[in-house]
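Each value in this text was obtained by applying a stated rule to the coordinates, not by laboratory testing. This is a predicted model, so every value here is computed, not measured. Here the Cβ positions follow ideal geometry from the backbone for every residue, glycine too, while neighbour counts run over all protein chains shown.
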C-alpha cells in the first residue's frame with residue numbers, strides 16, 4: 001500500500017546547522033589592516049591566485065576557537081569573558097615575515113601571512129588565555145598554535161616564502177562573534193594588554 005509519509009533523517013533530531021562562531025583574536029590596527037589587504041592583493045596577482053582576499057576589517061590572528069553553534073550560547077560567552085578578564089600580560093610586537101599555504105580542504109587552502117619565528121608575544125598570549133579557558137571548562141583540543149593571518153583561500157597551494165616584515169603593537173585581544181555565512185563580525189569584549 002503506497003504511503004505519502006516521509007521520514008525525516010534522524011526522525012527530526014538532526015543537529016541544528018551552526019550559525020554562530022566564537023573565537024578570541026588579536027586584530028591589527030586599521031592602518032596595518034589596510035597594508036595587509038594591499039599585500040593580499042599584490043600577492044594574489046603575483047602568485048596567480050584566484051581566491052578573493054578576506055575583508056580588511058576581518059583580518060586577525062585567531063588565538064582560540066571556542067566553537068560553532070546554532071545560536072549564541074550566552075553562558076559560554078560569559079564564561080569566556082570571565083576567563084579573558086583574568087589574563088594579565090604586557091603589550092607586545094606582533095611580527096610577520098613569511099607567506100604560504102596551509103593544507104585546508106580540497107580547493108580551499110588558506111593562504112596566510114605567518115608570524116616570525118620569535119612570535120613570543122602571540123605564543124605567550126595564546127598560552128595564558130588557554131590556561132584561563134581550560135580552568136573555566138572551555139578548553140578545546142587544538143592543533144599546535146601557528147601565529148598567522150589568513151589573507152585568502154585558494155585552490156592552489158603556495159610554498160612558504162619570505163616577504164618584507166610587517167608588524168604592529170598588539171595592545172588588546174578580543175572576543176569575536178562571527179555570523180556564519182554573513183561575513184559579519186561582532187566584538188563581544190576587549191581586554192587591554194597593559
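Only Cα pairs under 8 Å and at least 6 apart count here; give the relative contact order of the chain as a rounded whole percent.
In percent, rounded to a whole number, it is 30.
Any chance you could check the Cα centroid distance between the range 164-194 and the range 43-97 for me, in angstrom?
First find each Cα centre; the distance between them is then 5 Å.
With the chain treated as a Gaussian network of Cα nodes joined by springs under 10 Å, which of 175, 166, 63 yields the largest mean-square fluctuation?
Evaluated over the chain, the most mobile residue of the options is 166.
What FRET efficiency, computed as 1/(1 + (r/R0)^6) with R0 = 30 Å and r the Cβ-Cβ distance, is obtained for residue 52 and residue 72, rounded to the nearest 0.05?
Plugging the Cβ-Cβ distance into 1/(1 + (r/R0)^6) gives 0.65.
Please find, in a Gaussian network model of the chain (springs between Cα atoms separated by less than 10 Å), the residue of 58, 17, 126 whose mean-square fluctuation is greatest.
In the Gaussian network model the winner is 17.
Calculated from the structure, semi-axes √(5λ) of the Cα gyration tensor in Å equals which of [x] 25, 21, 16; [y] 35, 17, 16; [z] 32, 25, 14?
[z]
Between residue 123 and residue 31, what FRET efficiency follows from the Cβ-Cβ distance if R0 is 30 Å, with the result rounded to 0.05?
So, using R0 = 30 Å, E works out to roughly 0.75.
Of 124, 171, 107, which is the most mobile in a GNM of the chain whose springs link Cα atoms less than 10 angstrom apart?
107
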